[in-house]
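The values are calculated or read from the model by the stated rules, or taken from the named source; none is laboratory data. These figures come from a predicted structure and were not determined experimentally. Here Cβ is always computed from backbone atoms with ideal geometry, including for glycine, and neighbour counts include all displayed protein chains. Please note that ligands, DNA and RNA were not included when accessible areas were found on the heavy atoms of the full protein model with its side chains. Shrake-Rupley method; radii C 1.70, N 1.55, O 1.52, S 1.80 Å.
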Amino acid sequence: MSFDVVFNYILKRTGAGVGAGLEGFRALLARLGNPQNQYKIVHVAGTNGKGSVSTLMAGTLTAAGHKTGLFVSPHLVLPVERIQIDGENISRQAFSKAVLDVFQEEEEELNFFEILTAAALLYFARQKVQYAVLETGLGGRKDPTNVCTPDVCLITSIGLDHTQYLGSSLAQIALEKAGIIKPKIPVFAGEMALSAREVLRKTAKERKAPLRFVKEGEPFAVFSYDFLHNQTLLRAPDNRQWPLHTLGPRQAANACLVYQAAKQLSVPDDCLQKAFQTVSLPGRFEVISNEKNTWVLDGAHNPQAIEGLINFWHQSPFGKEAALLCGFMKDKDYKKMLALLCPHFEHIFITVPPSARGAGAEDIRAALPKGVNAVFEPDWQQAVRLARHYPCVLCTGSFYLAGAVRGKMIK
C-alpha cells in the first residue's frame, strides 16, 4: 500500500473524542511487544517551545554519539518529518510499514495521533535507537506518549492554548502538562506564571520527582543576533560565545533548558556546542531570502507565541515596509492573535492554512479588529503570490501555513 494512501487513511482518524485512550493504547503496545521499553526516553511537554526543545535535545544526544529517535508534531512540509533518527526522516516505505503493523494489532479504533505514536515507538525499537525524544501532542496527562517511563522530563512553558480540551486557567493547563511527571524522574521546567509553577511543584513533590525551574541565564544569556545567518549568539558564564542556529529570545531560554537536561544525562559541553551550531529549527523565525524579497516564517499559533514574536519582530531589521501573511486554525484564539498582529502592519493578507481545521472567511471577518483593512484570500498559494510583491513578508499564525509556504520557497 502506498505512503499517500496510508497517510490519507490515518488522517481520517482525526478528531476529538475518538481513540483507544491510555488503557487501550497500553494494551496495543503490549501486543506490539512494548517497544517503548527498549530504549531510554526524554519526554517533552509544554504550550510553546516543545518542538524546538525536542529537536535540539535529540540533536544533542546524537552529537554525543547516541543513536536517537525523535517524534514531533506537526510536520512542516512532509509527514515523514514527524519521525526521525539522528536528524534523518523516516522513509515513506518504513512509515507505511510501521503504520500497517500497528493496524495488525488494532482492537479498539485508534485515532490519528495514537497511530503515529505507536508507529514511531515501534520504528525506534526496530532501529535499535538508544534514546527517543518524544514530544506530547496535546497536554500530557492523557497523551499517548505518556505511557513511557522516561529518564528525564521537560516542561517548556505553560500558556492558554487548547483551552477547550485542557482547561481555561493556567493552573488547569499546568495540571495536564504535569501529568508527564513520573515518580523519582528528574523534571526540568521553563519560566512560567506562579500559579503554574505551584501546580508543578505540588505534583513533583507528591511523586518525589526532583524539579528544577530553568530561566535564561542558566547558563546562557543572549549576546546578539545574526539575522543574516539565522543565529542567536549566546554568552556563557565564562564569556565564551555559543552560536545557536536559530533566532529569538525564546530560543535562548529553550537552549538553557536543553543544556540542563543534557547535563543530567552526562552530555559533554563540546557535544552541546556542536548541536547548538548545527541543529536547525525550520519555521521558528526562519529567514528565507530570494532575488525578489525576504520571507520570515514563524509557526506561532497562540496569543502567547504571537506576543513574543511581535516583540522580537521589532528587534529585527525586517519591520520596514513588511507585509503580513497569516492564517489560523479554527480551534485557536485567532481573534486575539489578529488583535496582536494587525496594528504592526499596513499590508495584511489573511488566508486559510492547508488543513480541514483552517479558519475560513466567516470566522476571520467576525474576528478582524475594527478599522483594519486586510485582504482575505482563501487560496493560500494565491495569497503568497499577492504578498510576494512586498520586500519582506512575515508569515505566521499556524505551522500548517508556515510549512506550506516553506515547501513552496525551498522547491
Counting only residues in the stretch 65-91 that are part of a strand (DSSP E or B) and without any contact (Cβ under 8 Å) to a residue 60 or more places away in the chain, the one surrounded by the most Cβ atoms within 10 Å (Cβ to Cβ) is identified as ILE83
Residue count, the stretch 6-46, condition open to solvent by 10 Å² or more (accessible area, probe 1.4 Å) and not in a helix (DSSP H, G or I), comes to 15
If we keep only residues of the stretch 207-233 that are over 23 Å from the mean Cα position of the chain (by Cα) and either at positive phi or of a type in the set (S, T, N, Q) (or both), then the residue least open to solvent (accessible area, probe 1.4 Å) is SER224
_Yes or no: the stretch 390-403 includes at least one residue that is open to solvent by 10 Å² or more (accessible area, probe 1.4 Å) and within 14 Å of LYS330 (Cα to Cα)._
yes
Within the stretch 153-172, of all residues that are of a type in the set (A, V, I, L, M, F, W, C) and in contact with a Gly (Cβ under 6 Å, 6 or more places away or on another chain), the one modelled with the highest pLDDT is ILE155
Among strands (runs of 3 or more DSSP E) entirely inside the stretch 220-316, those with 1 or more residues being closer than 25 Å to SER73 by Cα, aliphatic (A, V, I, L, M) and in contact with a helix residue (DSSP H, G or I) (Cβ under 8 Å, 6 or more places away or on another chain) are 241-244, 286-289, 294-297
With the first residue restricted to the stretch 392-403 and required to be in contact (Cβ under 8 Å) with a residue 12 or more places away in the chain, and the second required to be of a type in the set (Val, Ile, Thr) and part of a helix (DSSP H, G or I), Cβ contacts under 9 Å at 6 or more apart or on different chains are VAL393/VAL384; VAL393/VAL405; CYS395/VAL384; CYS395/VAL405; THR396/ILE306; GLY397/ILE306
From the option list ALA196, ALA204, ALA236, single residue qualifying as over 23 Å from the mean Cα position of the chain (by Cα), surrounded by 15 or more Cβ atoms within 10 Å (Cβ to Cβ) and under 29 Å from LEU175 (Cα atoms) is ALA204
